[in-house]
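**Q** Below is the structure I would like to discuss, written out as structure tokens.
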Amino acid sequence: MRSQKNVVSFLKKNQIIIASLALALFSLHLALTGRQEVERGFILREILSRTVSPMQRLMLGVQGSVKGVWSGYVNLTNVSEENERLRKTLTLVNEDNLRLKEEINLAERLKSILEYKDQLPHKSKAAVIIGFNKEPWARTVTIDKGAKDGIAKDLAVINPIGVVGRVIDVNTHTSQVLLGSDLRSNIDVIVQRSRIKGVAEGNGTDGFLLKYIRQVDDVRLGDMVITSGLSGVFPKGVAVGEVVKIEKGRDNFFKSIEVRPAVNIHQIEEVLVITETGLYAEE
Amino acid sequence: MPGVKRGFWVQIHPNPAMKEFLVFLPITIVYLALKSTILVNLPLPDLPLIIVFYMAYRRPTIEGALMGFVLGYLDDAFNGGIIGTSSFALVVIFLAMHLLAKKVQFTTPAFRAGGVAVVALIKGVLTYSVLRFANVGVYFFTHVILMSLVTGILAPGIITLFQRLFSLFGPESFKGKAN
């Protein structure tokens, strides 16, 4: 009984040391035994996992929110710069896109004009219209070919659709072309269906007046008018335009006929200059 | 009626050691959560060690030893270390401090700083030993010494904060309260 009291007294007196040693040994056991969950205090770990993980998630959540707000603010300041950069990129892409489309169109037009050039029985030179002069008294265009390229005055200028005009002035590298619609322009023509001959004069705007067609001549609306080849400037058979209006002339002898040009000058960019002269039709 | 003057908290939890346990536990959890998430790269003081040091020299109880074990366990759990290493170190330090406190009084800030720095080094040595024994490669000098210095330097201030914190809850006089 006495020894039992002594033991209890000893334990009470040294309870901290005993408890500490027990806990230290238990800790050592946890640390040094295998790394499997069961051997290292599965229950304690499970309990703690329910407190540790939520706490860490909470901290990371708070950090994430703060970071989110901050990065949102920083992003906002960067958005305008990025927008500007993207806008510039988009502009460049659009420019490239337009340029490519233009090049495709140009390639198609050149292909068309080259095919036409190959079909022509006359020598010709392709040229690009580089300037328009549309004033009340003049309808001319400037092309990028001149004397150095073999261009001379009074050469015919056509395109695959029809008559454009004739060269009236030649420089070293450029030339002026008088359009068929100019008041000074006269082209010998025939009505394709009835073979009636006449002269297509420019009306000063964007059309022709078909002159010297008698009242008795067979000309109808929709008739196609082509070059006759009689003047020696234009080869025979090139389209000039379509009859769109027929009226009785003031002198009661000739008809007043309006012809819509086959070539819309506003839509063409490349032309062919017939470099041969004396293109008289073989009757 | 002395219990009435002690206030609400003391009436519900009359055991001071348990009261400290309940205060230190959430503080440690928050500290470890911060340390293992947001403040990973900062050299923070070893708060569980300071708490154990504080409890061991001031009021050594079984709850203090248990707290050393729990805080160490939490430390390992939060930091992903081998469970038991910090527990072992903290419990041993608690026991050593308990035995040492009978002869040495850590009543001045300098003593506390030196004491905590030394026990931080001891904890480092213990942890290192256990880890080496468990065949885990660790870098002793870079980690332990820096942690010891930071912990030692900040320990007096943190202990003062603890004292002020508990003076709000109850009128118990602590050994180091006069300082």
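**Q** Against the definition (modelled with pLDDT under 90 and in a strand (DSSP E or B)), how does A:ASP169 come out, yes or no? Give the steps one after another, and end with the answer.
**A** Values: modelled with pLDDT under 90: yes; in a strand (DSSP E or B): yes.
Spelling it out, A:ASP169 is indeed modelled with pLDDT under 90 and in a strand (DSSP E or B).
**Q** Still on this structure, please answer the following. Within the stretch B:87-109, how many residues are at pLDDT below 80 and of a type in the set (A, V, I, L, M)?
**A** Qualifying residue count for the region: 2.
**Q** Separate question: Which of the following residues is loosely packed, with under 15 Cβ neighbours inside 10 Å, closer than 22 Å to A:HIS173 by Cα and of a type in the set (Val, Ile, Thr): A:ILE130, A:ILE158?
**A** Just one listed residue meets the conditions, A:ILE130.
**Q** When you go through B:ALA89, B:ALA96 one by one, which is the residue that is touching a helix residue (DSSP H, G or I) at 6+ places or on another chain (Cβ under 9 Å), under 21 Å from B:GLY152 (Cα atoms) and surrounded by 24 or more Cβ atoms within 10 Å (Cβ to Cβ)?
**A** The conditions single out B:ALA89.
**Q** What pairs come up if the first residue lies in the stretch A:9-25 and is modelled with pLDDT of 80 or more, the second is assigned to a loop (DSSP other than H, G, I, E, B), and their beta carbons are under 7 Å apart, counting only those six or more places apart or on different chains?
**A** A:ILE16/B:PRO60; A:ILE16/B:THR61
**Q** Moving on. Looking at A:LYS148, A:LYS117, A:LYS153, which is the one that is of a type in the set (Lys, Arg) and farther than 22 Å from A:VAL238 by Cα?
**A** On inspection, the qualifying residue turns out to be A:LYS148.
**Q** Still on this structure: Which ones in the stretch B:51-73 are farther than 23 Å from A:HIS29 by Cβ and crowded, with 24+ Cβ neighbours inside 10 Å?
**A** Result: B:ILE51, B:PHE53, B:TYR54, B:MET55, B:TYR57.
**Q** With the checklist (1) at the interface with chain A (Cβ under 10 Å from one of its Cβ atoms); (2) within 9 Å of the chain's Cα centre (by Cα) in hand, flag the one item B:ILE50 doesn't pass.
**A** (1)
**Q** Based on this model, can you work out whether A:ASP218 counts as under 17 Å from A:ILE265 (Cα atoms) and assigned to a loop (DSSP other than H, G, I, E, B)? Walk me through it before giving the result.
**A** Numbers: under 17 Å from A:ILE265 (Cα atoms): no; assigned to a loop (DSSP other than H, G, I, E, B): yes.
Here the answer is no, as A:ASP218 does not meet what is asked.
**Q** Is the stretch B:90-106 home to any residue that is out of contact with any strand residue (DSSP E or B) (no Cβ under 6 Å at 6 or more places or on another chain), aromatic (Phe, Trp, Tyr) and more than 10 Å from chain A (Cβ to nearest Cβ)? Please lay out each step first, then the result.
**A** The first filter runs over the stretch B:90-106 and keeps only residues out of contact with any strand residue (DSSP E or B) (no Cβ under 6 Å at 6 or more places or on another chain), leaving B:90-106.
After this cut, where a residue has to be aromatic (Phe, Trp, Tyr) as well, the list is B:94, B:106.
Right, trim to more than 10 Å from chain A (Cβ to nearest Cβ) and you get B:106.
Scanning the stretch B:90-106, I find at least one residue that is out of contact with any strand residue (DSSP E or B) (no Cβ under 6 Å at 6 or more places or on another chain), aromatic (Phe, Trp, Tyr) and more than 10 Å from chain A (Cβ to nearest Cβ), so the answer is yes.
**Q** If you don't mind, another one. Being crowded, with 16+ Cβ neighbours inside 10 Å, over 16 Å from A:VAL240 (Cβ atoms) and of a type in the set (Val, Ile, Thr) is the requirement here; does A:VAL141 meet it?
**A** Criteria met by A:VAL141.
**Q** Related question: From the list A:VAL240, A:VAL233, pick out the single residue that is modelled with pLDDT of 90 or more and at negative phi.
**A** Residue meeting the stated conditions: A:VAL240.
**Q** Would you call A:SER231 buried (at least 16 other Cβ atoms within 10 Å of the Cβ), part of a loop (DSSP other than H, G, I, E, B) and hydroxyl-bearing (Ser, Thr, Tyr)?
**A** So A:SER231 passes the test.
**Q** Applying the selection to the stretch A:181-202, what residues are in contact with a strand residue (DSSP E or B) (Cβ under 8 Å, 6 or more places away or on another chain), modelled with pLDDT of 90 or more and not in a strand (DSSP E or B)?
**A** Matches in the stretch A:181-202: A:GLN192, A:ARG193, A:ILE196.
**Q** Of everything in the stretch B:1-42 that's outside any helix (DSSP H, G or I) and within 14 Å of chain A (Cβ to nearest Cβ), which residue is modelled with the lowest pLDDT?
**A** Applying the filter and picking the extreme gives B:VAL40.
**Q** Here is a further query. Looking at (1) among the basic types (Lys, Arg); (2) within 16 Å of A:VAL243 (Cα to Cα); (3) crowded, with 16+ Cβ neighbours inside 10 Å, can you tell me which one A:ARG166 breaks?
**A** Going through the list (1) among the basic types (Lys, Arg); (2) within 16 Å of A:VAL243 (Cα to Cα); (3) crowded, with 16+ Cβ neighbours inside 10 Å, A:ARG166 breaks only (2).
**Q** Right, next: Quick check on my filter: what residues within the stretch B:58-80 are modelled with pLDDT under 80, at the interface with another protein chain (Cβ under 8 Å from one of its Cβ atoms) and under 16 Å from B:THR28 (Cβ atoms)?
**A** B:ALA77, B:PHE78
**Q** Return yes or no: is B:ILE83 within 28 Å of A:GLN15 (Cβ to Cβ), within 14 Å of chain A (Cβ to nearest Cβ) and at pLDDT below 80?
**A** Yes: the conditions hold for B:ILE83.
The values are calculated or read from the model by the stated rules, or taken from the named source; none is laboratory data. Since we're looking at a predicted model, the values are computed, not measured. Ideal geometry is used to build each Cβ from the backbone, glycine not excepted, and the neighbour counts take in all protein chains shown.
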